[in-house]
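Asks: This is the structure, below, for whatever I ask next.
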Amino acid sequence: MERPFITLKLATTLDGRIATASGQSRWITGEDARRCVHELRAGHDAVLVGIETVIKDDPELTVRLQGYEGFQPTRIVFDSKGRIPLNSKLVQTARVIPTWVVTTHDLNPEIQAAGVKAIKVASFHQRVDILLAMEALTAAGIERLFIEGGGLIATAFIKAGLVDRLEWFRSATILGGDARSVIGFLNIDDINGMIRFNRLGVQAVGDDLWESYELS
């Protein structure tokens, strides 16, 4: 299968949590780590998130670095039921920065009229079929894909074995077992079935730690 080179970015506490039990998540990592994420975005053709991230955080998914006037990656949303809000920042700026919605349903005509491109694929267990979506993105010219979340998206791509590189930012904090985990159920029954990565590097960024891995 032809697909983009896929980098997954995670930003968590030391115990792998991305939000409190009530959903509070800003900010787990500090400004230095967030600046590094913007630099990573600039090195990819597209940035991908799930619809829950759009609804909850209303992100811009742009490269915002002091003095930066370079390339802005395409923003891509996995939105199986076409729920992206018309008043979201992504939709409202779709005529300025390419914005695509990968969906299994017909997209609201108002969303498309605002400049959003719909990529319709078949569903798998009532969600976007990841493999078909990757083929569609490859056909559309996406060679390097940067995935930023949330937890459902991260879990789905790891479970499918599609993560080539992992960029993990950890803050020196702990939220505990009642907080939301970055990775959901992978249904691994045998310890030998663990998904393994090779560590490429570790560095401090402000008060946080940035770890880089590649799939074994």
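The values are calculated or read from the model by the stated rules, or taken from the named source; none is laboratory data. In this text the structure is predicted, and so the values were computed from the model without any measurement. Every residue, glycine as well, gets a Cβ built from its backbone with ideal geometry; the counts of neighbours run over all protein chains shown. When the accessible area is computed, the model is the full protein with side chains, heavy atoms only, and any ligands, DNA or RNA have been set aside. Shrake-Rupley method; radii C 1.70, N 1.55, O 1.52, S 1.80 Å.
Asks: Does I119 fit the bill of being within 22 Å of V91 (Cα to Cα), touching a Gly at 6+ places or on another chain (Cβ under 7 Å) and surrounded by 17 or more Cβ atoms within 10 Å (Cβ to Cβ)?
Replies: So I119 does not fit the description; no.
Asks: Right, another one. Looking only at the range 140-152, which residues are open to solvent by less than 30 Å² (accessible area, probe 1.4 Å) and on the phi > 0 side of the Ramachandran plot?
Replies: G149
Conditions tested, residue by residue: (1) surrounded by 14 or more Cβ atoms within 10 Å (Cβ to Cβ); (2) over 20 Å from I111 (Cα atoms).
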site: R17; (1), (2): yes, yes
site: E31; (1), (2): no, yes
site: A46; (1), (2): yes, no
site: T74; (1), (2): yes, no
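Asks: Moving on. Among the residues of the range 125-139, is any open to solvent by less than 20 Å² (accessible area, probe 1.4 Å), in contact (Cβ under 8 Å) with a residue 24 or more places away in the chain and either in contact with a helix residue (DSSP H, G or I) (Cβ under 7 Å, 6 or more places away or on another chain) or of a type in the set (S, T, Y) (or both)?
Replies: no
Asks: Could you grab me the full set of residues in the range 85-114 that are in a loop (DSSP other than H, G, I, E, B), closer than 19 Å to A46 by Cβ and either touching an Asp or Glu at 6+ places or on another chain (Cβ under 6 Å) or open to solvent by 30 Å² or more (accessible area, probe 1.4 Å) (or both)? Reasoning before the result, please.
Replies: Going residue by residue through the range 85-114, those that are in a loop (DSSP other than H, G, I, E, B) are 85-88, 93-98, 104-108, 114.
Within this subset, residues satisfying the condition of being closer than 19 Å to A46 by Cβ are 88, 93-98, 107, 114.
Of everything in the range 85-114, those that are in a loop (DSSP other than H, G, I, E, B), closer than 19 Å to A46 by Cβ and either touching an Asp or Glu at 6+ places or on another chain (Cβ under 6 Å) or open to solvent by 30 Å² or more (accessible area, probe 1.4 Å) (or both) turn out to be S88, T93, R95, V96, P98.
Asks: Continuing with the same structure: Would it be correct to say that S22 is free of Cβ contacts under 8 Å to residues at least 12 places away in the same chain, among the small types (G, A, S) and farther than 22 Å from W168 by Cα? I'd like the intermediate steps shown before the answer.
Replies: Values: free of Cβ contacts under 8 Å to residues at least 12 places away in the same chain: yes; among the small types (G, A, S): yes; farther than 22 Å from W168 by Cα: yes.
So S22 fits the description; yes.
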